[in-house]
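Okay, so here's the structure we're looking at.
The values are calculated or read from the model by the stated rules, or taken from the named source; none is laboratory data. Just so we're clear, the structure is a prediction, and the values are computed from it rather than from any experiment. All Cβ positions, glycine included, derive from the backbone under ideal geometry; neighbour counts span all protein chains shown. The accessibility values were calculated without ligands, DNA or RNA, using every heavy atom of the protein model including side chains. Shrake-Rupley method; radii C 1.70, N 1.55, O 1.52, S 1.80 Å.
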Amino acid sequence: MFQRLIALAQEPSSDKRRELMGQVADIFTENAETYSSRELALFGEIMANLLNQIERESRRETSQKLAPLCQTPRSLALQLAHDEAEIAAPMLQHSPVLTTDDLIELAKAKGQPHLQAIAQRAHLESGLTDVLLERGEAPVQQTLAANTNAEFSEWGGKHLTELAENDTLVRNALWMRAEQGGKAFSNIISVLPEGHRAIFEKLTNASEEAAKNLLAIAAQIAKRNTPEYRRRRLHAKIAAKEIKAGRRSLDTIVRQYSEKNWMLALAHLLASVAGIEEKFVINILAKGSNEAPALLCRALGMQDETYRALCLARCERLKLPDSITEQWLEEFRALDGETARRGLRFITVRTRLRQAS
């Protein structure tokens, strides 16, 4: 039989080779469990040679036939997995032959369609999901969040909670995990403080909105645990001291942070310079209202163009149209400086009384 197949493989006609590949793949899939190691190797050699000589549709059909089989030679599975995304997809999604290390290497080297196929596998280890989350764009991240058989590392869980803040599909997928419970979701909410975790378990069966709010809290906590966040916060802390000492300009730093959209660093900076609670500033910057931010920034003597930059950063973060910036800027310009400073003094006194109590 093998001699006949090898002879057919030497046929120069592309149609013959396509027909041969179909026959070889059918014979292999029908009796794969009965072949010896030597016979499996011979099948693999024949099909590997044919793959280089047939068109994409035949390669796709071959990938579909071989993907579910444990007996598919690993070299052949890898050859198909490295092919075009449409051809590779069945192998990437279903092949039990491909190891986690194989898939990690593929995820590091291939484009988004290949990553999307890998993200749909029936089981994904945390080392692989880390790579997929890091390299994958929104569709890959959404697919991973919805894959209930995907495992996540501590970093992966924290990263998903960050994504959930602004991605409805990721947030809904995490909500479904919350309803299902189990290890997969426990990794994701591991960043919550102990008290919040206990509350979350009760809320998952009672209030979707409350549970989603706790996911947002987890995302904020996750952000504050990252080296990048700590670096930005330290930068803002040093900048605030230099501004108070007169060595640096508030406008210069605010414009710099606004261009980078460092909203949490901006909140820390403005709170430190104004002498008020940071969470108050975070709250007013995170809402789609202009009254409190305008009062705070006018009281600090911020220039018009600096406030424009801050408004643009807020619109980007809040997903609001940039056109709102001009409306907010006009309201800022119309605000009397002395009135704003009185308002800030009131907020400062209230903050100190709250802290003292």
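Before moving on, here are some points about what is shown:
- When 333, 317, 298, 308 are checked against the criterion of being basic (Lys, Arg), under 33 Å from the mean Cα position of the chain (by Cα) and at pLDDT 90 or above, a single residue qualifies: 308.
- Segment 242-273 - residue that is over 16 Å from residue 305 (Cβ atoms) and free of Cβ contacts under 8 Å to residues at least 24 places away in the same chain and, of those, most open to solvent (accessible area, probe 1.4 Å): 247
- The one condition in (1) touching a residue at least 40 places away in the same chain (Cβ under 8 Å); (2) closer than 26 Å to residue 125 by Cβ; (3) open to solvent by 40 Å² or more (accessible area, probe 1.4 Å) that residue 66 fails to fulfil: (3)
- Selection count where residues are open to solvent by 30 Å² or more (accessible area, probe 1.4 Å) and under 21 Å from residue 140 (Cβ atoms), scope segment 86-103: 6
- Among (1) in contact with a Cys (Cβ under 8 Å, 6 or more places away or on another chain); (2) over 17 Å from residue 124 (Cα atoms) - the single one residue 96 does not satisfy: (2)
Results for (1) in a helix (DSSP H, G or I); (2) touching a strand residue (DSSP E or B) at 6+ places or on another chain (Cβ under 8 Å); (3) under 16 Å from residue 265 (Cα atoms); (4) not aliphatic (A, V, I, L, M), shown as yes or no for each residue.
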| site | (1), (2), (3), (4) |
| --- | --- |
| 279 | yes, no, yes, yes |
| 297 | yes, no, yes, yes |
| 302 | no, no, no, no |
| 305 | yes, no, no, yes |
| 320 | no, no, no, no |
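- Test: residue 214 is open to solvent by less than 70 Å² (accessible area, probe 1.4 Å), outside any loop (DSSP other than H, G, I, E, B), at pLDDT 55 or above and not aromatic (Phe, Trp, Tyr): no
Here's the yes/no breakdown for (1) modelled with pLDDT under 90; (2) surrounded by fewer than 22 Cβ atoms within 10 Å (Cβ to Cβ); (3) not in a helix (DSSP H, G or I):
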site	(1), (2), (3)
113	no, yes, no
127	no, yes, no
131	no, yes, no
134	no, yes, no
145	yes, no, no
148	yes, yes, yes
155	yes, yes, no
160	yes, no, no
169	yes, yes, no
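- Qualifying positions in segment 322-348 - open to solvent by 20 Å² or more (accessible area, probe 1.4 Å) and either of a type in the set (Phe, Trp, Tyr) or outside any helix (DSSP H, G or I) (or both): 322, 323, 335, 336, 346
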